[in-house]
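Accompanying notes for the structure given below.
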Amino acid sequence: MSIKNLSKETVRIISSGQVITSITSVVKELVENSIDAKATNIECKLVGGGFTSIIVKDNGIGIPLNDRQFIGHRHCTSKLPDGSFDNISKLTTYGFRGEALNSICTISQSFSIETRTKEDIIGKMYNFDHMGNIVSETPTNTTIGTTVQIIKIFYNTPVRKFSFKHSGNISNKISKRKVNATFNNNNVEWHSIICNSTMDSIKHLFGSDLTSQLQSIKKTYSFDNEESDDTEEESIDENNIKNKLINEDDNFSKNIEFNAILYKPNVDPEKYWRSSTDRIFFYVNKRPIQLSLMPTFKEILKLIKQKSFQLSNTESSGNKKYPFVFLDITLPTNTIDINIEPSKMKIMFHYPQRIIDLIDKLTDEIYPPPKLNMEIPLIFSNK
Ligand SMILES: Nc1ncnc2c1ncn2[C@@H]1O[C@H](COP(=O)(O)OP(=O)(O)OP(=O)(O)O)[C@@H](O)[C@H]1O
Ligand SMILES: [Mg+2]
């Protein structure tokens, strides 16, 4: 078969599949846009599990008039400072690729946005075509903020729609996304939920019985290892380069902070551990991370499992299950790469072993290894 140029429409449908991987990922992208727009109230409605319609309404700053023609266009973003990749380490937003709304336009039957900023006398509703162009606008009576409405997502990708429809409980997955939103911005309301703290969010979603088994830990370590001696396995060269990288820009923090909510020691795995990973929440600099995409987090999870299980005094099959884990790692932005793949659920650590070593240390503090109770046999004694 001879080589042919794919049509633009085909290219757009193919690449949209890398950004929009499920209904959950649509909600994630829209909620992240709302948080980026400084919303403190976000409402989400899904009809037919999201396949019929998805509406996300926020009270953020709205979209300025001059920007509206670009919002549906691919690679148009207001978030990357000066539009330059050099500034990627200065990002303070979730979004930066300018792909999400265009991808959604491509694969939904109808896409509209209603928005109003504080400068606008009235709001406006815009309808978009599959290319992300505005095809109509109507004045509306709306408050400041933005509402995105999507009708029949995946209507032109029936295979994707079928496989997502049969890929498990969507409301569970949305609830996980809900946790992501509330965990990362404690003032965000979801419907009528107000969560003042991460622990509140967990209690709201998973109940007080589970919450009573949890402990909250906050720990900061020096990234450049000035005060600790646990980087023996790293080569001298790597340490030198790392210290140079961290120290060369004083605007960057030089610490790694771990903000974790984990089971207390001796929690019964039989009762509280689960056979799926649906209660495991990893973040890096408050960005949600997909466990299955990152070997470093698999390693971290293994450590947390091992250390907490060894204290559980049980012979049960708990070892095949997973504990509750919430872990947000805050580290210098120039020691990670966030631009690894389109869904932004994977990042790259420049020094993964350093993170794993510190988690090892942290989990030893939370779950101290059981002391071996060995009496010295008389035969070896001096007396
Ligand atoms: N809820 C919202 N409130 C205000 N502005 C918004 C909102 N949603 C989208 N926008 C504007 O539309 C632009 C395009 O959004 P889109 O999600 O496609 O890209 P992005 O957020 O910039 O990057 P990414 O593709 O990584 O999410 C944003 O840069 C922002 O300017
Ligand atoms: Mg976005």
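Collect the residues in the stretch 90-132 that are within 24 Å of Phe154 (Cα to Cα) and assigned to a helix (DSSP H, G or I), keeping them in residue-number order.
Ala100, Leu101, Asn102, Ser103, Ile104, Cys105, Thr106, Ile107
What pairs can you find where one residue is in the stretch 95-108 and closer than 16 Å to Ile151 by Cα, the other is near ligand 1 (Cβ under 6 Å from one of its atoms), and their Cβ atoms are less than 9 Å apart, with a gap of 6+ or different chains?
Hits for this filter: Ala100/Glu29; Ala100/Asn33; Leu101/Glu29; Leu101/Asn33; Leu101/Ile71; Asn102/Ile71; Ser103/Glu29; Ile104/Glu29.
Return yes when Thr10 is within 22 Å of Asn133 (Cα to Cα) and either near ligand 1 (Cβ under 8 Å from one of its atoms) or touching a Gly at 6+ places or on another chain (Cβ under 7 Å) (or both) and no when it is not.
Numbers: within 22 Å of Asn133 (Cα to Cα): yes; either near ligand 1 (Cβ under 8 Å from one of its atoms) or touching a Gly at 6+ places or on another chain (Cβ under 7 Å) (or both): no.
Judged against the criteria, Thr10 is not a match.
Taking Gly50 as the residue in question, decide whether it is surrounded by 16 or more Cβ atoms within 10 Å (Cβ to Cβ) and more than 13 Å from ligand 1 (Cβ to nearest atom). First the steps, then the outcome.
Working: surrounded by 16 or more Cβ atoms within 10 Å (Cβ to Cβ): yes; more than 13 Å from ligand 1 (Cβ to nearest atom): yes.
Yes; evaluated as a whole, the condition is true for this residue.
Given the criteria modelled with pLDDT under 90, assigned by TED's automatic domain parsing to the domain that holds Asp337 and of a type in the set (A, V, I, L, M), does Leu311 qualify?
Details: modelled with pLDDT under 90: yes; assigned by TED's automatic domain parsing to the domain that holds Asp337: yes; of a type in the set (A, V, I, L, M): yes.
Taking the combined requirement at face value, the residue satisfies it.
Could you figure out which of (1) touching a Ser or Thr at 6+ places or on another chain (Cβ under 8 Å); (2) near ligand 1 (Cβ under 10 Å from one of its atoms) isn't true of Cys76?
Every condition holds for Cys76 apart from (1).
Is it the case that the stretch 40-47 has a residue that's surrounded by 13 or more Cβ atoms within 10 Å (Cβ to Cβ), at pLDDT 90 or above, of a type in the set (D, E, K, R) and assigned by TED's automatic domain parsing to the domain that holds Ile144? Write out each step before concluding.
Looking only at the stretch 40-47, we keep the residues that are surrounded by 13 or more Cβ atoms within 10 Å (Cβ to Cβ), and these are 40-44, 46.
Add one more test, that the residue is at pLDDT 90 or above, and what stays is none.
Scanning the stretch 40-47 turns up no residue that is surrounded by 13 or more Cβ atoms within 10 Å (Cβ to Cβ), at pLDDT 90 or above, of a type in the set (D, E, K, R) and assigned by TED's automatic domain parsing to the domain that holds Ile144.
Out of everything in the stretch 208-227 that is touching an Asp or Glu at 6+ places or on another chain (Cβ under 9 Å) and either at pLDDT below 60 or charged (D, E, K, R) (or both), what residue ends up being farthest from Tyr272 (Cα to Cα)?
Looking at residues that are touching an Asp or Glu at 6+ places or on another chain (Cβ under 9 Å) and either at pLDDT below 60 or charged (D, E, K, R) (or both), I get Asn225.
Search the stretch 33-59 for residues that are farther than 12 Å from Ile23 by Cα and pair each with any residue that is within 15 Å of ligand 2 (Cβ to nearest atom) and aromatic (Phe, Trp, Tyr) when their beta-carbon atoms are under 8 Å apart and the residues are at least 6 apart or on different chains.
Asn33/Tyr94; Ile35/Tyr94; Asp36/Tyr94
For the stretch 113-128, check the following and say yes or no: at least one residue is more than 7 Å from ligand 1 (Cβ to nearest atom) and more than 24 Å from Asn141 (Cα to Cα).
Within the stretch 113-128, not a single residue is more than 7 Å from ligand 1 (Cβ to nearest atom) and more than 24 Å from Asn141 (Cα to Cα).
With the requirement that a residue be among the aromatic types (Phe, Trp, Tyr) and either modelled with pLDDT under 65 or in a loop (DSSP other than H, G, I, E, B) (or both), what does the stretch 184-207 give you?
Step one: of the stretch 184-207, the residues among the aromatic types (Phe, Trp, Tyr) are 190, 206.
Listed by number, the list holds a single entry, Trp190.
When you go through Asp67, Asp86 one by one, which is the residue that is modelled with pLDDT of 90 or more, among the acidic types (Asp, Glu), part of a helix (DSSP H, G or I) and surrounded by fewer than 18 Cβ atoms within 10 Å (Cβ to Cβ)? Give the steps one after another, and end with the answer.
Numbers: Asp86 fails: modelled with pLDDT of 90 or more.
Exactly one residue qualifies, and that residue is Asp67.
Residue check: is Gly98 surrounded by fewer than 20 Cβ atoms within 10 Å (Cβ to Cβ) and either within 12 Å of ligand 1 (Cβ to nearest atom) or acidic (Asp, Glu) (or both)? Write out each step before concluding.
Details: surrounded by fewer than 20 Cβ atoms within 10 Å (Cβ to Cβ): yes; either within 12 Å of ligand 1 (Cβ to nearest atom) or acidic (Asp, Glu) (or both): yes.
Spelling it out, Gly98 is indeed surrounded by fewer than 20 Cβ atoms within 10 Å (Cβ to Cβ) and either within 12 Å of ligand 1 (Cβ to nearest atom) or acidic (Asp, Glu) (or both).
Among the residues of the stretch 124-133, are any closer than 14 Å to Asp36 by Cβ, in contact with a strand residue (DSSP E or B) (Cβ under 9 Å, 6 or more places away or on another chain), within 16 Å of ligand 2 (Cβ to nearest atom) and touching a residue at least 40 places away in the same chain (Cβ under 8 Å)?
Here is the first cut: in the stretch 124-133, the ones closer than 14 Å to Asp36 by Cβ are none.
No, the stretch 124-133 contains no residue that is closer than 14 Å to Asp36 by Cβ, in contact with a strand residue (DSSP E or B) (Cβ under 9 Å, 6 or more places away or on another chain), within 16 Å of ligand 2 (Cβ to nearest atom) and touching a residue at least 40 places away in the same chain (Cβ under 8 Å).
The values are calculated or read from the model by the stated rules, or taken from the named source; none is laboratory data. All values derive from a computational prediction rather than experimental measurement. All Cβ positions, glycine included, derive from the backbone under ideal geometry; neighbour counts span all protein chains shown.
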